[in-house]
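K.L.:
I am attaching a structure below and will ask some questions about it afterwards.
The values are calculated or read from the model by the stated rules, or taken from the named source; none is laboratory data. On a predicted model such as this, the values are computed, not experimentally measured, just so you know. Here Cβ is always computed from backbone atoms with ideal geometry, including for glycine, and neighbour counts include all displayed protein chains.
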Amino acid sequence: MQLHCLGTAGYHPNEDRHTSCYFLPESGIVLDAGTGMFRLPALIQTPSLDILLSHAHLDHIAGLTFLLDILHQHPVQTVRIWGEAKKLSAIREHLFSELVFPVQLDVQWCEIDELPQFDLGDCTVSWQRQEHPGGSVGYRLDFSRRQQSGGVTPERLRLLYLTDTTGRTDQEMMHWCSEADLMMHECYFPTDKSQWAIRTGHSWTDRVAEIAAATRPALLLLTHVNPLDPDPGALRRQVEKALHADPIPTRLAEDRMKLSFGVGNG
Ligand SMILES: [Zn+2]
Ligand SMILES: [Zn+2]
């Protein structure tokens, strides 16, 4: 299965990174709608788009205002935007206030609060609440019996998308996060700035390594990079160092990176 990294920064864009947006073209699933979402049109393969929002901070929703142009370039039949009810209503009331953006979107707003899990085609989505100012949710995507072009038919594929969180380490969360083919985890701060991470509701390298060590994903992808970080590659090196006793393949997300994951990939 392929993941496209359309925006890999937290907070604001820089010369190399737009804000948070990831895309699974085979399923039409978009993870967050930061400014990287302008890159979506050329990649769309499905008649519908499902946009899963972790929360409603601007670096995860600004790209919703690009949908008019995205759908002009590549029309689809249905767009569904999923998230917690209070986040969706804040977006509709404020981001799509006539005073902020002139046009209402022709989309379905889908509240997840009463849906501990729901199906999007062959993908079962579940979610967990996370600690972050205003709250965020982490998503788990379980794909079943997907036919791949190489003829491989994995029994299942599991992707975790955990961003804007200090990183839960309780047993329930660790169990829920286990056996992932791909864990996407934010990593905004190095460990020597962990006090800033805790203050702002973000993760730091040792915390991400602790979660990965406890849950053993086949591949760990570090996301939501600090746009002012002069050497984000150091985050990956720090996580790898913390995991050196029992290594886990770890990569740092870059804008326009295309990643294959699942059986036979890595
Ligand atoms: Zn963010
Ligand atoms: Zn946030």
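K.L.:
Considering the range 174-196 alone, what residues qualify as being farther than 21 Å from Cys21 by Cα and within 15 Å of ligand 1 (Cβ to nearest atom)?
P.N.:
Matches in the range 174-196: Trp196 only.
K.L.:
Further, regarding this structure: Just checking, does the range 195-209 include any residue being closer than 27 Å to Lys86 by Cβ, assigned to a strand (DSSP E or B), among the aromatic types (Phe, Trp, Tyr) and at pLDDT 95 or above?
P.N.:
Here is the first cut: in the range 195-209, the residues closer than 27 Å to Lys86 by Cβ are 196-203, 207.
If we keep only those that are assigned to a strand (DSSP E or B) as well, we get none.
Checked the range 195-209: no residue is closer than 27 Å to Lys86 by Cβ, assigned to a strand (DSSP E or B), among the aromatic types (Phe, Trp, Tyr) and at pLDDT 95 or above.
K.L.:
Out of the residues in the range 14-33 that are under 24 Å from Arg92 (Cβ atoms) and not in a strand (DSSP E or B), which is farthest from ligand 2 (Cβ to nearest atom)? If you could, list the steps in order and put the result at the bottom.
P.N.:
Taking the range 14-33 first, the residues under 24 Å from Arg92 (Cβ atoms) are 18-23, 28-33.
Narrowing the set further to residues that are not in a strand (DSSP E or B) leaves 18, 20, 28, 32-33.
On the way: His18: 15, Ser20: 9, Gly28: 24, Asp32: 10, Ala33: 13 Å.
Applying the filter and picking the extreme gives Gly28.
K.L.:
Step by step: first the residues of the range 153-195, then only those that are within 16 Å of ligand 2 (Cβ to nearest atom) and of a type in the set (A, V, I, L, M), then the one that is nearest to Tyr139 (Cα to Cα). Which residue is that? If you could, list the steps in order and put the result at the bottom.
P.N.:
Filtering the range 153-195 down to residues within 16 Å of ligand 2 (Cβ to nearest atom) leaves 161-168, 184-189.
Still in the list and also of a type in the set (A, V, I, L, M): 162, 184.
Numbers: Leu162: 7, Met184: 10 Å.
Filtering the range 153-195 for residues that are within 16 Å of ligand 2 (Cβ to nearest atom) and of a type in the set (A, V, I, L, M), the one nearest to Tyr139 (Cα to Cα) comes out as Leu162.
K.L.:
Here is a further query. Confirm whether Asp181 is buried (at least 16 other Cβ atoms within 10 Å of the Cβ) and charged (D, E, K, R).
P.N.:
Values: buried (at least 16 other Cβ atoms within 10 Å of the Cβ): yes; charged (D, E, K, R): yes.
Spelling it out, Asp181 is indeed buried (at least 16 other Cβ atoms within 10 Å of the Cβ) and charged (D, E, K, R).
K.L.:
So which residues in the range 34-61 are of a type outside the set (Val, Ile, Thr), closer than 20 Å to Cys110 by Cβ and in a helix (DSSP H, G or I), if there are any at all?
P.N.:
Initially, the range 34-61 is screened for residues of a type outside the set (Val, Ile, Thr), giving 34, 36-43, 45, 47-50, 52-60.
If we keep only those that are closer than 20 Å to Cys110 by Cβ too, we end up with 34, 37, 40, 47-50, 52-57, 60.
Once the filter is applied, which keeps residues that are of a type outside the set (Val, Ile, Thr), closer than 20 Å to Cys110 by Cβ and in a helix (DSSP H, G or I), the range 34-61 yields Met37, His60.
K.L.:
Scanning the range 18-72 for residues that are of a type in the set (D, E, K, R) and within 12 Å of ligand 1 (Cβ to nearest atom), which turns out nearest to Pro230 (Cα to Cα)?
P.N.:
Across the range 18-72, the extreme among qualifying residues is Asp59.
K.L.:
Identify, from the list Glu155, Glu240, Glu254, the residue that is among the acidic types (Asp, Glu) and touching a residue at least 60 places away in the same chain (Cβ under 8 Å).
P.N.:
Step by step, each of Glu155, Glu240, Glu254 is checked, and only Glu254 is among the acidic types (Asp, Glu) and touching a residue at least 60 places away in the same chain (Cβ under 8 Å).
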